[in-house]
Amino acid sequence: MDMTGWHVLYLLWLTAGAMDFLLHRASSIESTSGLRENTLHLVQLAILGFATVLWLCFRASPSLLAILLVLVCLHAVTGYWDTRVAYPKRAIRPLEQHVHSILDIAPWIAAGAVYWYIPKERTGAELTFEPAPSGLWLFTIVPALLLTVIPAALEFRRCLAYRALSRRQADVAG
């Protein structure tokens, strides 16, 4: 697959992330699973953000792939934990489940893309610092901020505000 194909898949992945935050809003995450689930979303974003920065900083190699696979596994475990927190507290509708399918498989595909680009002669364990061109940094970071990081921050703010309101109402009632 050429780079344009990978770019399209990346944008689809981010769009699925944006859709997931819209679905959380529609299901009133702030009044159901709230801050606990949102915190897990932030952890998942941090894990994949760190993986993305590593990918942008280092040449494709078996060592980079191994680190990315550990991070993808950590993301998967956190995603399972996220679902365990959400499921008893709010309805996870079929559309959201399908969006989660994309969000679950995309990091594995991204790791596969790194494997695909490892030169065949690269078998060493070293990491080689070789930053990607600035255009790729911009293409990677700006859409991620707009489609996932900002919606996650807004969701966090809604969850915090709802929790504060609930505590004030409990204080008044109690």
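Give the accessible surface of the chain per residue, rounded to a whole number of Å², with probe radius 1.4 Å and ligands, DNA and RNA excluded.
On a per-residue basis, the chain sits at 59 Å².
If you take the charge dipole of the chain about its Cα centre, with +1 on Lys and Arg Cβ and -1 on Asp and Glu Cβ, which of Ile92, Trp13, Gln169 is farthest toward its positive end?
Highest projection toward the positive end goes to Gln169.
Evaluate the charge dipole of the chain about its Cα centre and quote only its size in Debye, nearest 20, assuming +1 on the Cβ of each Lys and Arg and -1 on the Cβ of each Asp and Glu.
The calculation lands at about 580 debye.
State to the nearest 20 debye the size of the charge dipole of segment 77-125 about its Cα centre, where the only charges are +1 on K and R beta carbons and -1 on D and E beta carbons.
Its charge dipole is roughly 120 debye.
So if R0 is 25 Å, what FRET efficiency would Leu9 and Val77 give, r being the distance between their Cβ atoms, rounded to the nearest 0.05?
It comes to 0.60.
Report in % the part of the accessible area of the chain that belongs to carbon and sulfur, leaving out ligands and nucleic acids; probe 1.4 Å.
Whole-percent figure for carbon plus sulfur exposure: 71.
Taking a label point 7 Å from the Cα of Arg36 along the Cα→Cβ vector, which residues of segment 53-94 have an amide N closer than 13 Å to it?
From segment 53-94, the list is 81-90.
Can you check what the net charge comes to around Leu103, using other residues whose Cβ is under 13 Å from the Cβ of Leu103 (Lys, Arg +1; Asp, Glu -1)?
Overall, the nearby charge balance is -4.
What length, rounded to one decimal in nm, is gained on full extension from Val43 through to Leu69, with 0.36 nm per residue of separation minus their alpha-carbon distance?
Taking 0.36 nm per residue and subtracting the Cα distance, the gain is 7.7 nm.
Span-like helices, the chain: DSSP H, alpha-carbon axial extent 20 Å or more, mean Kyte-Doolittle -1.0 or greater, which ones?
Taking the DSSP H segments of the chain (at least 20 Å long, mean hydropathy at least -1.0), we get 3-26, 34-57, 62-86, 94-116, 150-173.
Taking segment 76-131 on its own, what percent of its Cα-Cα pair distances exceed 15 Å?
Looking at segment 76-131, the distances longer than 15 Å represent 65 percent of pairs.
P(r) for segment 1-132: what percent of alpha-carbon pairs falls in each 10 Å bin, starting at zero?
For segment 1-132, the binned pair fractions read 12, 40, 29, 15, 5, 0 percent.
For Val172 and Tyr87, what does the FRET efficiency come to when R0 = 25 Å and r is the distance between their Cβ atoms, rounded to the nearest 0.05?
The formula returns an efficiency of 0.20 here.
Taking amide H atoms as placed 1.01 Å from N in the peptide plane, list the residues 5 or more away in sequence, or in a different chain, whose amide H sits under 5 Å from that of Phe58.
For Phe58, the qualifying residues are Glu130.
Report the gain in length on full extension from Glu126 to Gln97: 0.36 nm times residue separation, minus Cα-Cα distance, nm rounded to one decimal.
Additional length available on full extension: 6.6 nm.
With each run of n ≥ 4 DSSP H residues scored as -39500 (n - 2.57), what mean residue ellipticity at 222 nm is computed for the chain after dividing by its residue count and rounding to the nearest 500 deg cm²/dmol?
That calculation yields -26000 deg cm²/dmol at 222 nm.
The values are calculated or read from the model by the stated rules, or taken from the named source; none is laboratory data. Everything numeric here is computed off the predicted structure, so don't read it as measured data. Methodologically, a virtual Cβ is constructed for each residue, glycine included, from the backbone with ideal geometry; neighbour enumeration extends over all protein chains shown. Surface areas here come from the heavy atoms of the whole protein model, side chains and all, with no ligands, DNA or RNA. Shrake-Rupley method; radii C 1.70, N 1.55, O 1.52, S 1.80 Å.
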